[in-house]
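*Asks:* Can you read through this structure? Questions will come right after.
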Amino acid sequence: MAAMKNIVILISGRGSNMEAVVRAAQAEQWPARIAAVISNKADAKGLAFAASHGIATAVVANKDYPSREAFDAALQSVIDGYAPDLVVLAGFMRILTPGFTAHYAGRMLNIHPSLLPLFPGLHTHEQALASGLAQHGATVHFVTAELDHGPMVDQVAVPILPGDTADTLAARVLEQEHKLYPRAIRWFIEGRLTVEDGKVHVDHTTH
Ligand code: GRF
């Protein structure tokens, strides 16, 4: 069997996607370990879940650094201390410097709560409601220098229903995120993902 892969997960808050990944990795016995969960906020709720599951946690607080570059350099050295094969952004609410994204090119994933390329950035659920579209969703993509862009691994769509508020819509999307993200990460760990011309190919053959 191939060597265990190391996954480092970055969060800023609730951490429900991180939790879904941890649970899937355990339940499905991935050939991977969650080596660490790192937050830029000391009060991120998800840190307690990670610690209670025996996962190393760390805080690198952006407020302690004078610039984005200084923060990203500090974060990078903490991440790299865990020798990650994959870095997973899970509600990590920071704009990343080009140097940081280049360092993790091809080995950093993000989940964004919209059907990209629609609605990059914040307030996606409000934007989806205002758009009049019949569907909304979430996207897992490789991280590149441009915010919420980068080759897309997988997407899920949900209906926008009459009477929806940003909260009801967000909850419907989040429930699907918790299935979408672990599956995409598992594909990465299993070596099924290749990127060519900015497009992701998923190898679905058994191996
Ligand atoms: C999710 O909707 C994710 O797509 C977005 O931020 C939210 C994070 O939620 N990037 P959680 O911290 O994983 O619960």
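The values are calculated or read from the model by the stated rules, or taken from the named source; none is laboratory data. Computed from a prediction, not measured in an experiment: that's the story for all the values here. Here the Cβ positions follow ideal geometry from the backbone for every residue, glycine too, while neighbour counts run over all protein chains shown.
Conditions tested, residue by residue: (1) in contact with a Leu (Cβ under 9 Å, 6 or more places away or on another chain); (2) hydrophobic (A, V, I, L, M, F, W, C); (3) surrounded by fewer than 19 Cβ atoms within 10 Å (Cβ to Cβ).
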| residue | (1), (2), (3) |
| --- | --- |
| E28 | no, no, yes |
| A36 | no, yes, no |
| S67 | no, no, yes |
| A70 | no, yes, yes |
| S77 | no, no, yes |
| Y82 | no, no, yes |
| A90 | yes, yes, no |
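*Asks:* Oh, and also: Tell me yes or no: at least one residue of segment 149-159 is crowded, with 21+ Cβ neighbours inside 10 Å, touching a Phe, Trp or Tyr at 6+ places or on another chain (Cβ under 6 Å) and either of a type in the set (S, T, Y) or within 29 Å of R33 (Cα to Cα) (or both).
*Replies:* yes
*Asks:* Give the residue, chosen from A44, A56, that is at pLDDT 95 or above and surrounded by 15 or more Cβ atoms within 10 Å (Cβ to Cβ).
*Replies:* A44
*Asks:* Please enumerate the residues belonging to segment 1-11 that are part of a strand (DSSP E or B), out of contact with any Leu (no Cβ under 7 Å at 6 or more places or on another chain) and more than 10 Å from the ligand (Cβ to nearest atom).
*Replies:* Residues satisfying the conditions are N6, V8.
*Asks:* If I filter segment 79-91 for residues that are within 16 Å of the ligand (Cβ to nearest atom), at pLDDT 95 or above and over 28 Å from I55 (Cβ atoms), do I get at least one hit?
*Replies:* Within segment 79-91 (the criterion being within 16 Å of the ligand (Cβ to nearest atom), at pLDDT 95 or above and over 28 Å from I55 (Cβ atoms)), the answer is no, since none of the residues qualifies.
*Asks:* Also: Within segment 175-193, restricting attention to residues that are within 13 Å of V21 (Cα to Cα) and touching a Ser or Thr at 6+ places or on another chain (Cβ under 9 Å), which residue is nearest to the ligand (Cβ to nearest atom)?
*Replies:* Top of the filtered list is E177.
*Asks:* Let me confirm something: among R68, R14, R94, which residue is in contact with a Ser or Thr (Cβ under 9 Å, 6 or more places away or on another chain), within 16 Å of the ligand (Cβ to nearest atom), charged (D, E, K, R) and modelled with pLDDT of 95 or more?
*Replies:* R94
*Asks:* Of the residues that make up segment 145-162, is at least one at pLDDT 95 or above, part of a strand (DSSP E or B), more than 26 Å from D197 (Cα to Cα) and not β-branched (V, I, T)?
*Replies:* Yes - at least one qualifying residue is present in segment 145-162.
*Asks:* Which numbered condition trips up I111, out of (1) more than 30 Å from H204 (Cα to Cα); (2) within 12 Å of the ligand (Cβ to nearest atom)?
*Replies:* Answer for I111: the failing condition is (1).
*Asks:* Yes or no: segment 193-201 includes at least one residue that is at negative phi, in contact (Cβ under 8 Å) with a residue 60 or more places away in the chain, surrounded by fewer than 17 Cβ atoms within 10 Å (Cβ to Cβ) and not aromatic (F, W, Y).
*Replies:* yes
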